[in-house]
Amino acid sequence: MRAVLQRVSGRPWRRGRDDLPDRPGLLVLLGVGHEDSEQTAQRLAAKILALRIFADKDGRMNEPLGEREILCVSQFTLYADTRKGNRPSYTDAAEPQRAASLYEQTCEALGAKRGCFGAHMELEITADGPVTIVLEVT
């Protein structure tokens, strides 16, 4: 599985909703490959939850996610192969039915809000600092 983590200073799913508090969290773009399994999903979720990428009281990146929220969005394009030509190939991405199942399992393990699997989504985010991390778990 591949994930791009973006620390955000507000909820990217808050758009147009003044009743939701605006607080820091994490946007996870999640790609699922052919070889991925339930165990892969569990390992990735555990790694994301344990990463110390939030500031502690001294301003150092030393705190894990804790009570902050996550929005997880499916992103098959993380498996783009651009080695040949100019049109990416996505043959390394899992079939949609398998990917949807592993996406849901990962979201559940993360306690994450979910994007709409397979949908074209528009997100408005405010990145929080220079924190964009690429993870790959096999």
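The values are calculated or read from the model by the stated rules, or taken from the named source; none is laboratory data. Just so we're clear, the structure is a prediction, and the values are computed from it rather than from any experiment. Methodologically, a virtual Cβ is constructed for each residue, glycine included, from the backbone with ideal geometry; neighbour enumeration extends over all protein chains shown. These area figures cover heavy atoms from the full protein model, side chains too; ligands, DNA and RNA do not enter into them. Shrake-Rupley method; radii C 1.70, N 1.55, O 1.52, S 1.80 Å.
Applying the criterion of being in a loop (DSSP other than H, G, I, E, B) and touching a strand residue (DSSP E or B) at 6+ places or on another chain (Cβ under 8 Å) to the residues of the range 35-52, the residue that is least open to solvent (accessible area, probe 1.4 Å) is Leu51. Kindly evaluate Ala55 against the criterion of being at pLDDT 95 or above and either small (Gly, Ala, Ser) or buried (at least 20 other Cβ atoms within 10 Å of the Cβ) (or both). No, not satisfied. Listed by first and then second residue, the pairs with beta-carbon distance under 8 Å, at least 6 apart or on different chains, first residue in the range 115-138 and under 13 Å from Gly10 (Cβ atoms), second surrounded by 12 or more Cβ atoms within 10 Å (Cβ to Cβ) and among the polar types (S, T, N, Q), are Ile125/Gln6; Thr126/Ser9; Ala127/Gln6; Ala127/Ser9; Asp128/Ser9. Being more than 14 Å from Ile48 (Cβ to Cβ) and open to solvent by less than 70 Å² (accessible area, probe 1.4 Å) holds for only one residue in Gly115, Gly111, and it is Gly115.
Does the range 7-33 hold any residues that are at pLDDT below 95 and touching a Ser or Thr at 6+ places or on another chain (Cβ under 9 Å), and which are they?
Residues of the range 7-33 that are at pLDDT below 95, as a first pass: 7-27.
Of everything in the range 7-33, those that are at pLDDT below 95 and touching a Ser or Thr at 6+ places or on another chain (Cβ under 9 Å) turn out to be Arg7, Val8, Ser9, Gly10, Pro12, Asp22, Arg23, Pro24, Gly25.
In summary, Thr40 fulfils each of the numbered conditions (1) modelled with pLDDT of 95 or more; (2) closer than 22 Å to His120 by Cα; (3) within 15 Å of the chain's Cα centre (by Cα) with the single exception of condition (2). Ser101 passes every criterion in (1) part of a strand (DSSP E or B); (2) open to solvent by 30 Å² or more (accessible area, probe 1.4 Å); (3) closer than 15 Å to Met1 by Cβ apart from (1).
For Ile125, the criteria (1) open to solvent by 60 Å² or more (accessible area, probe 1.4 Å); (2) in a helix (DSSP H, G or I); (3) touching a Leu at 6+ places or on another chain (Cβ under 8 Å) hold in every case but one, which is (2).
Quick check, is Asp92 in contact with a Ser or Thr (Cβ under 7 Å, 6 or more places away or on another chain), surrounded by 12 or more Cβ atoms within 10 Å (Cβ to Cβ) and of a type in the set (Asp, Glu)? Against the criterion (in contact with a Ser or Thr (Cβ under 7 Å, 6 or more places away or on another chain), surrounded by 12 or more Cβ atoms within 10 Å (Cβ to Cβ) and of a type in the set (Asp, Glu)), Asp92 does not qualify.
Taking Glu67 as the residue in question, decide whether it is within 18 Å of Ala46 (Cα to Cα), surrounded by fewer than 14 Cβ atoms within 10 Å (Cβ to Cβ) and not small (Gly, Ala, Ser).
Values: within 18 Å of Ala46 (Cα to Cα): yes; surrounded by fewer than 14 Cβ atoms within 10 Å (Cβ to Cβ): yes; not small (Gly, Ala, Ser): yes.
So Glu67 fits the description; yes.
Pairing residues of the range 66-82 that are assigned to a strand (DSSP E or B) and small (Gly, Ala, Ser) with residues that are modelled with pLDDT under 95 and open to solvent by 30 Å² or more (accessible area, probe 1.4 Å), at Cβ distances under 8 Å and at least 6 apart in sequence or on separate chains, gives Ser74/Phe117; Ser74/Gly118.
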